[in-house]
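One structure is given here, and the rest of the page talks about it.
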Amino acid sequence: MKLEIITKLHASFEDAAYEQDGVEYWLARELQALLEYSDWRNFQKVMEKAQTACENSGQNSADHFVGVNKMVKLGSGAQREIEDVMLTRYACYLIAQNGDPAKEPIAFAQTYFAVQTRKQELIEARLRLIERLQAREKLEATETELSRLIYERGVDNSGFARIRSQGDKALFGGHNTQTMKRKLGVPGNRPLADFLPTITIKAKDFAAEITNFNVKKEDLSGEQAISREHVKNNSEVRKLLVDRGIRPEKLPAEEDIKKLERLVKGETKKSLNKVGKLKDKK
């Protein structure tokens, strides 16, 4: 997510916040617009899922979802009363967790409401971390699909490991998987990708996705044919990176992604446990 988009969204969510007795809250109809839901009924369905999640977590949803009524002006100048909902930070977080992941503001909101402090730089850092976690999960899914495809075409697990290593060798300028693990200080029993930066993880995923596509399209079979295809795709992805001044083998290792995953989950739980509760305004 680009910095200017983060800045704009951060300002929008900050401006939409209210406070009651020291507890910050947002109004559902305003949050609906921020999360790019055009239809109130569709947004209500998301709120219902969030309320269920709230109860399942052991919280009283009435402490976090408080119904209110407010007057709005009509085009004719008249006014009418409509229903709205006051939402705590925790309620907003649950709504974001149950929202449409294809909407860019949803990804921002998941982090914004999980971070107790309202500092943009912390949100930016957390979004970068989550982007790396998501990229790693995507690569794992892509490589699982590749493993399945080549197994169906007569390649066993050892053959898959060789194909992947040859792909790495093409991507990392002659360094295969084991060489890169030694170079970056990756433990022998851990996947190389758990210690790679986001851009390299995405590069590996892109090359593997092309391999998956072409294996099916060309009906490739056997280790040699599939390995050639995978090497070609990694070589092309490397060329693209090098043309942009990026040499994957020269990028430093990043912190163990499993450690960061535990950290994110722990911090999110700790932060959300601190959120306040609202008093019923009805």
Completion exercise
Selection from the stretch 86-109 of residues surrounded by fewer than 21 Cβ atoms within 10 Å (Cβ to Cβ) and either in contact with a Lys or Arg (Cβ under 7 Å, 6 or more places away or on another chain) or not assigned by TED's automatic domain parsing to the domain that holds Phe65 (or both) yields Asn98
Problem - Extreme residue, modelled with the highest pLDDT, among residues of the stretch 251-262 that are in a helix (DSSP H, G or I) and of a type in the set (A, V, I, L, M) - result: Ile257
Exercise for the section: Look at Ala78 and say whether it is modelled with pLDDT under 80 and crowded, with 22+ Cβ neighbours inside 10 Å. Expected result: no
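The values are calculated or read from the model by the stated rules, or taken from the named source; none is laboratory data. Because the structure is predicted, anything quoted here is derived from the model rather than measured. Here the Cβ is made from the backbone with ideal geometry for all residues, glycine too, and neighbour counts use every protein chain on show.
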